[in-house]
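Taken together, the values in this text are just the output of simple stated rules run on the coordinates, not laboratory data. Note that this is a predicted model, so its numbers are computed, not measured. FYI the Cβ positions are ideal-geometry reconstructions off the backbone, even for glycines, and counts take in every protein chain you see.
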Amino acid sequence: MSVRDENIIEVEGLTKAFGDFKAVNEISFVVKRGEIFGFLGANGAGKTTAMKMLIGISTPTSGKAKVAGFDVFTSAEDIKKNIGYMSQKFALYDDLTVRENITFFGGIYGLKRQQIKNKSNQLIEELGLEDVKNQLVGSLPLGWKQKISFSVAMLHEPKIVFLDEPTGGVDPITRRQFWEMIYKAADEGTTIFVTTHYMDEAEYCNRVSIMVNGKIEALDTPQKLKEQFKADNMNDVFLKLARG
Amino acid sequence: MSISVRNISKSFKKVQALDQISFEVAQGELFGLIGPDGAGKTTLFRILTTLLVADEGSASVFGFDVIDGMNDIRNSVGYMPGKFSLYQDLTVEENLTFFATIFDTTVAENYHLIEDIYVQIEPFKNRRAGALSGGMKQKLALCCALIHQPKVLFLDEPTTGVDPVSRKEFWEMLKRLQQKGITILVSTPYMDEAALCDRIALIQDGKILDINSPEEIVAKHQHVIYDVKASNPHQLISLLKAYPTAHSVYPFGEYVHYTDQSGEFKQEDLHAYLAHNGLKEIVIQPTPATIEDAFMELAN
């Protein structure tokens, strides 16, 4: 495996409070370079709040966190330049064509015109989009959009890519193709930080953390978690933990 | 029949959303429409709830035609759309009262139907609906769809984006509603939920791939499926795909599901091939098919 002994994310005692309510309550963990890290939890457990702090768009209440070597308190802008992000809610512009979306995001990420051109051609070829490159993204099936969206989040060759439920509602075949793209990116050294509600996908991660009510209640390889909770699969692990 | 759909087709510009769809749902049945985003599930729901008119074919709900009996259908069905459609600026309690009032009933009159769901969100009854968590929104939406005591319940992807714990609870609620005699048509992209339905229709690209009980659909699967595991899962997938007699290779949680096209397939040969290519800790064992295996086989 390509996981390297180098911490790309370091989190210690990270907390986000809204009034008296601690949405994220002193979480600590590290993610290694090239690792596929699954960030699981029930709805409302605090995953999105935690992820917003890590990608530099929400300032923590207390604790420490470094992402790609940058401090979330003082260097949020540097973090944004060094990471990729995709979610199901915010992905691509439906009213732009495939090529226009790539060009737009390339520009946002500060790529030069020639780089954008090369990257576009490469991406269109790799994803087999030649026939639809001039179609509006809104007319494409969700599974295609998600694959394009992932590639766009990787345009500027970020060290880490954050994926927030990237495969929700996607058909089973495309969902698997999507994970093959994730494996490939991880093999090439990109760190993957991913949330999902599909527990079979949790098995594809090198390590998995499970959040319950703002805290990380479990963190290990899928194999060790299954042993620890005497469960046959990750779904059972999740049900045992999150149901309390 | 509770729901009857006969040769329904619907197109939007160039996209054929539904292509000659036919099926029937018996009274009191829990029927699942299983398929990914874009399969046509929502279009079908909108036709059956009289919010959209089909291009061709006919359909009826509880004996009422979707065109001529529009008002009767609207009075006797509950509909929970996939997109959260309650009033975000009204509180939990206000939303519920509002929906009861429109149907000329009261919350008190039908409270027995929603009680075991509502008690879970009652502590937040004064919170605005827009400020609820995903799981709570879903429970409120279900209460609002039930408050006029519908005969048929239409649930469009009620569990999409919902975590496994809440999904399990939601299905337990559906089972209890079914016991109260309500017919339920539910759609989901989660294949594991299919096993919880009485019968299911697998749907993709506007076409029905198969309709049957989950057990029958799985039983019809043609190929022997092998669970395969090895030290490097990514490399394992590539190697399996390159195996000369490979039929299908799909990651499946901890294992990869492998089927072979040859009648003379031997586990030992595959084991030797993987070992020769440097994989370690190789496990190969036959495994029963799941709905997801069946779906992928039919969709391919």
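So how do B:134-143, A:222-231 stack up, highest first, on mean other-Cβ count within 10 Å? Could the numbers behind the result be given before it?
On the way: B:134-143: 22.8, A:222-231: 15.2.
Order by mean packing, descending: B:134-143, A:222-231.
Taking 2.2 N^0.38 Å as the expected size of a compact globular protein, what ratio does the Cα radius of gyration of the protein assembly as shown give against it, to two decimals?
On the way: Rg = 24.3 Å, N = 544, 2.2 N^0.38 = 24.1 Å.
The value comes to 1.01.
List the lysines whose alpha-carbon lies under 29 Å from that of B:K151, not counting same-chain residues fewer than 8 positions away?
Answer for B:K151, where 29 Å is the Cα cut-off: B:K10, B:K41, B:K83, B:K125, B:K137, B:K139, B:K168, B:K175, B:K180, B:K207, listed by chain and number.
Give me the Å³ per residue figure for the convex hull around the C-alpha atoms of the range B:222-300. Kindly include the intermediate steps, with their values, before the conclusion.
On the way: hull volume 7.0 nm³, N = 79.
Normalising the Cα hull of the range B:222-300 by residue number yields 88 Å³.
Can you find, among A:N7, A:S62, A:L142, the residue farthest towards the positive end of the dipole of chain A? Put +1 on the C-beta of Lys and Arg, -1 on that of Asp and Glu.
So the residue we want is A:S62.
So how tilted is helix A:113-126 from the main axis of chain A? Cα-based, degrees 0 to 90, rounded to 10.
In chain A, helix A:113-126 runs at an angle near 80 degrees to the longest axis.
Which value, in debye to the nearest 20, describes the size of the charge dipole of the range B:1-99 about its Cα centre when Lys and Arg Cβ atoms bear +1, Asp and Glu Cβ atoms bear -1, and nothing else is charged?
Around 360 debye, computed over the range B:1-99.
Please work out the FRET efficiency for the pair B:S9 and B:E215, using the Cβ-Cβ distance as r and a Förster radius of 35 Å; give the result to the nearest 0.05. Working shown, then result.
On the way: r = 30 Å, r/R0 = 0.86.
For B:S9 and B:E215, the calculated efficiency is 0.70.
Charges only on Cβ, +1 for Lys and Arg, -1 for Asp and Glu: so what's the dipole of the range B:225-299 about the Cα centre, in debye to the nearest 20?
Working: 4 positive and 10 negative charges, 50 e Å.
Dipole of the range B:225-299, to the nearest 20 debye: 240 debye.
Please sort A:6-12, A:150-156 by packing, taking for each peptide the average over its residues of neighbouring beta carbons within 10 angstrom, highest first.
For the peptides A:6-12, A:150-156, the packing ranking is A:150-156, A:6-12.
When chain B is treated as a GNM, springs tying every alpha-carbon pair under 10 Å, which of B:D163, B:D68, B:D269 comes out with the largest mean-square fluctuation?
Residue with maximal mean-square fluctuation among B:D163, B:D68, B:D269: B:D269.
If packing is taken as the mean number of other Cβ atoms within 10 Å per residue, what is the order of B:146-157, B:227-238, highest first?
Highest mean packing first, the order is B:146-157, B:227-238.
Add -39500 (n - 2.57) for each DSSP H run of 4 or more in chain B, then divide by its residues: what number comes out at 222 nm, to the nearest 500 deg cm²/dmol?
-10000 deg cm²/dmol
Sticking to Cα atoms, compute the Rg of the range A:4-92 to one decimal and its Dmax as the biggest Cα-Cα distance, whole number, in Å.
Considering the range A:4-92 through its Cα atoms, Rg and Dmax are 12.9, 39 Å.
Which residue, A:I108, A:I116, A:I57, has the most motion in a Gaussian network model of chain A that connects Cα atoms within less than 10 Å?
Residue with maximal mean-square fluctuation among A:I108, A:I116, A:I57: A:I108.
Quick one: putting +1 on the C-beta of Lys and Arg, -1 on the C-beta of Asp and Glu, what dipole do you get for chain B around its Cα centre, in Debye to the nearest 20?
Around 620 debye, computed over chain B.
Equivalent-ellipsoid semi-axes (√(5λ), Cα gyration tensor) for the range B:206-253, whole Å, largest first?
With the √(5λ) rule applied to the range B:206-253, the semi-axes are 28, 12, 11 Å.
Arranged by the count of other C-beta atoms within 10 angstrom, fewest first, what order do A:F73, A:F105 take?
Least to most surrounded, the residues fall as A:F73, A:F105.
Treat each spin label as a single point 7 Å out from the Cα along the C-beta direction, and report the B:Q267 to A:Q115 distance in nm.
Calculated label separation equals 5.1 nm.
How many nm separate the modelled label positions at B:R176 and B:A26, each set 7 Å beyond the Cα in the direction of the Cβ?
Here the modelled spin labels are 2.6 nm apart.
For the protein assembly as shown, with the dipole built from +1 on Lys and Arg beta-carbon atoms and -1 on Asp and Glu ones, taken about the Cα centre, which of A:G110, A:G38, B:T105 lies farthest toward the positive end?
Comparing the listed Cα positions along the dipole, A:G110 ranks first.
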